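In what follows, a structure is listed as structure tokens, so that the remarks can point back to it.
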Amino acid sequence: MNAQHSSRLPGFYKRSLPERAAIVAEWAGLTPEEQAVLLGVSGLNAAQADHMIENAIGVYGLPMGIATNFLINDQDYLVPMVIEEPSVVAAVSNAARLFRAGGGFITSSDEPLMIGQIQVLDLADVYVAAGAVMAQRDALLRQVDEIGGSIVKHGGGARDLQVRPILDTPVGPMLIVHLIYDTRDAMGANAVNTAVEHLAPQIETITGGRVNLRILSNLADQRKARAEGMIPAGELATERITSEDAVQAIIEAGIFAEVDPYRATTHNKGILNGIDAVVIATGNDWRAIEAGAHAYAARDGRYTSLTQWWKDEQGNLRGAIELPLAVGIVGGATRVHPAAQVALKILGVQSARQLAEVIAAVGLAQNLAAMRALATEGIQRGHMRMHARQIAIAAGASGDLVNRVVQAMIEDNTIRLERAKELVQQFKRAGSN
Ligand code: MEV
């Protein structure tokens, strides 16, 4: 637990990478081995990769950054994010600082309940079959738990059965049986798939039908996480916009995403910039999260925003997010990938639910940052600055020189490598005179 530390680290972004790594190592109590993993000295190696997938030929690296300023349910977090896109980590940290000024994020989550599906066909009467399955509910749930395994040992296991007749399909009526399974701190795909495969023969006997698919559903809508928070309007004022106008513009941007699927897609993509980066950092399955998020966003038949934004009675901005977040802190790549282990240690989360709640807060923070930029100055200005930084570094600038070269390139609106090289030489000459 990192409750004694503040994640408010002013100027963190201005430090060098080794300095930042040292600050985080101190903060999270990382061992020298764990620090070596982050610096790429050790980490996922080819031999481990060979055990993870088929036909492995090597490994592929991505940057890991730290989002600062997160205060969630009165606890401070440094959030590891793995992402190739510039600006996301900075934007999320900045937004977390704004939420912090309003008291931080308040989060909550459902029990870690996954859905396993069994598709039953060739039934004389779908409703009679559904009734027969439900009549055996308790015995079937007991049978699932008899498989055992570490999830059951840790208090998880089968919780419920649900039946969903679907009458009108091109292959005739079918009965879909849902097994609701508590996966505790695991994402749980393996346990759920094992459970539904185990149940299938029984379901055939009970219904007299034929089972086709047995697989979990990524629409994990019984395993949602929520985050909400307030940003004092005054925090949103800049030289160019008043706080009232900024609040209004952000609310308008939020409503745009609520009413228009074209905008909602991009809006949610931005949210997932934040979410996926933490999901990847912690070794979780980001395709599962993406699939669940988009399906949930379309749950009422029309694709919409994953967030809501409104103004409270004091004129402050408030936002909330809710989405399925099936992530684990044990099993799968979270266990195999050395950097995922370190990421979890930096986060200091004690349960899969706590991780899901942090991820929801990151999604909400990213959304605020994107909407604020879009609704005020546009995102290109910030992006150009990041781009200019990369060019300045490529031109050989380091330390303070980076910011001076960036500033000079932005002022003359020429963000090019040759120009950056000239500036580096020029500043170095001036410095040595
Ligand atoms: C870019 O990766 C993400 C944004 O387009 C998100 C948004 O439009 O809200 C900036």
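The values are calculated or read from the model by the stated rules, or taken from the named source; none is laboratory data. Quantities reported herein were computed from a predicted structural model and do not represent experimental measurements. Note that we place each Cβ from the backbone using ideal geometry, even for glycine, and neighbour counts take in every protein chain shown. Ligands, DNA and RNA are excluded from the accessible area calculation, which covers all protein heavy atoms including side chains. Shrake-Rupley method; radii C 1.70, N 1.55, O 1.52, S 1.80 Å.
Some notes on this structure:
- Dipole magnitude of the chain about its Cα centre (Cβ charges: Lys, Arg +1; Asp, Glu -1), debye to nearest 20: 1020
- Of the residues THR207, SER150, MET174, the one whose Cα sits farthest toward the positive end of the charge dipole of the stretch 113-217, with +1 on the Cβ of Lys and Arg and -1 on the Cβ of Asp and Glu, is SER150.
- Here's the picture: charge each Lys and Arg Cβ at +1 and each Asp and Glu Cβ at -1 in the chain, and of VAL163, ALA249, GLY61 the one pushed furthest to the positive end of that dipole is GLY61.
- Dipole check for the stretch 220-320: with +1 at the C-beta of Lys and Arg, -1 at the C-beta of Asp and Glu, and the Cα centre as origin, the magnitude is about 400 Debye.
- The mean sequence distance of close C-alpha pairs (under 8 Å, at least 6 residues apart), as a share of the length of the stretch 113-217, puts its relative contact order at 46 percent.
- DSSP-loop trypsin sites (Lys or Arg not before Pro) across the stretch 1-47, with at most 15 other Cβ within 10 angstrom: ARG8, ARG15
- Sulfur and carbon atoms: percent of accessible area, the chain [1.4 Å]: 52
- Sorting the segments 156-162, 272-278 by their residues' average number of neighbouring beta-carbon atoms within 10 angstrom, most packed first, yields 272-278, 156-162.
- Over 30 Å between alpha carbons, listed pairs LYS269/LYS345; LYS14/LYS311; LYS269/LYS428; LYS269/LYS311; LYS345/LYS421; LYS269/LYS421: LYS14/LYS311; LYS269/LYS428; LYS345/LYS421; LYS269/LYS421
- Gain on full extension, evaluated as 0.36 nm per residue between ASP400 and ARG299 minus their Cα-Cα distance, stands at 31.4 nm.
- Two-decimal log10 I(q)/I(0) for the stretch 273-358, as the Debye equation yields it once each C-alpha is a single scatterer, q = 0.10, 0.11, 0.21 Å⁻¹: -0.32, -0.38, -0.97
- Across the stretch 382-432, the relative contact order, built from alpha-carbon pairs under 8 Å that are at least six residues apart, equals 40 percent.
- FRET efficiency for MET384 and ASP260, using Cβ-Cβ distance with R0 set to 25 Å, rounded to 0.05: 0.40
- Estimated dipole of the stretch 382-432 in Debye, rounded to 20 [Cβ of Lys and Arg +1, of Asp and Glu -1, Cα centre]: 100
- For the chain: relative contact order, % (alpha-carbon pairs under 8 angstrom, 6 or more apart): 19
- Sparsely packed loop sites in the stretch 198-293 (the chymotrypsin sites (Phe, Trp or Tyr not before Pro) outside DSSP H, G, I, E and B with at most 14 other Cβ atoms within 10 Å) do not occur.
- Judged by the ratio a/c of the largest to the smallest principal axis of the C-alpha gyration tensor, the stretch 1-117 counts as oblate, that ratio being 1.5 or greater while a/b is no larger than b/c.
- Loop-located chymotrypsin sites (Phe, Trp or Tyr not before Pro) in the stretch 48-112 (DSSP state other than H, G, I, E, B) with a sparse environment of at most 11 neighbouring Cβ atoms within 10 Å: TYR60.
- Volume of the convex hull of the chain (Cα atoms only), normalised per residue: 186 Å³.
- Remark: the chain carries 48 Å² of accessible area per residue (probe radius 1.4 Å; ligands, DNA and RNA excluded).
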